[in-house]
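Throughout, read-outs are computed from the coordinates displayed, never taken from laboratory work. What you are looking at is a predicted structure, and each value in this text was computed from that prediction instead of being measured. Ideal geometry is used to build each Cβ from the backbone, glycine not excepted, and the neighbour counts take in all protein chains shown.
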Amino acid sequence: MKTNVYRSFLMMALVAMIAMPALQSCKSSKQAAKPAGEEAISMYCSGPEYFSDGEYFRANNVGESTNQSMAKKKAMSNARLDLAASIETRVKAVIDNYFSSYTTSDAIQDAERYEGLSREVINQELSGIRTICEQFTKTDNGTYKAYVAVELAGDEILNGMQKRISDDEKLKIDFQYEKFKKEFEKEMDNFKNQ
């Protein structure tokens with residue numbers, strides 16, 4: 001019996017001695033994984049807190065110019081374009097999902113009209129974006145860099161779509177707001193799961 005206990009103890013000690021260097025080498029290899037000739041940088045107004053989520057569409061960008069004001073204008077313009085593209089992609093997915101259950105001959109035409117209205121709504125609602133981060137730097141060569149992050153609430157897009165559709169007599173007849181809202185919320189939830 002003592003021999004079995006001694007063998008078990010000896011076996012565990014041997015396993016521990018073998019495992020310790022292996023665990024230490026795994027830890028150190030993760031830290032040493034930096035590619036040669038490269039340096040990690042952090043970018044202003046960027047990171048998970050500036051990603052779109054289930055409530056807000058967000059975008060960030062940078063602009064550079066010899067004029068600080070122009071650098072900001074470039075950054076804002078680029079961020080708006082990114083935001084609009086992201087919103088348009090999501091709204092198109094909502095419209096496609098919304099119309100996938102329709103089998104009428106007018107469904108394709110109605111979907112195209114919804115997409116046209118969605119572009120108008122997106123362009124209109126972009127005037128209501130909020131700047132959630134703004135940072136400026138001056139480079140060694142004398143130019144200014146502006147870093148910005150902007151957001152727009154998903155509810156604003158949804159409410160804008162509802163208003164525009166209810167103003168269109170043909171679309172208003174068949175429009176099922178609750179179904180559209182459900183599809184929109186499902187698509188917004190996809191941001192959380194990415």
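Miscellaneous remarks
- The relative contact order of region 48-192, computed from alpha carbon pairs under 8 Å that lie at least 6 residues apart in sequence, is 35 percent.
- Using a Förster distance of 41 Å, the FRET efficiency for Y177-E134 (Cβ separation, nearest 0.05): 0.70
- Distance cut-off 18 Å, percentage of C-alpha pairs in region 48-192 lying past it: 59
- For Q68, neighbours were defined as the other residues whose beta-carbon sits under 15 Å from its Cβ, and their charges (Lys and Arg +1, Asp and Glu -1) total +3.
- Packing-based ranking, highest mean first, of 34-43, 74-83 given that Cβ atoms within 10 Å are counted: 74-83, 34-43
- Taking other residues whose beta carbon is less than 10 angstrom from the beta carbon of A146, and scoring Lys, Arg as +1 and Asp, Glu as -1, yields +2.
- Total formal charge among the other residues, if their Cβ is under 14 angstrom from that of L83, Lys/Arg +1 and Asp/Glu -1: -1
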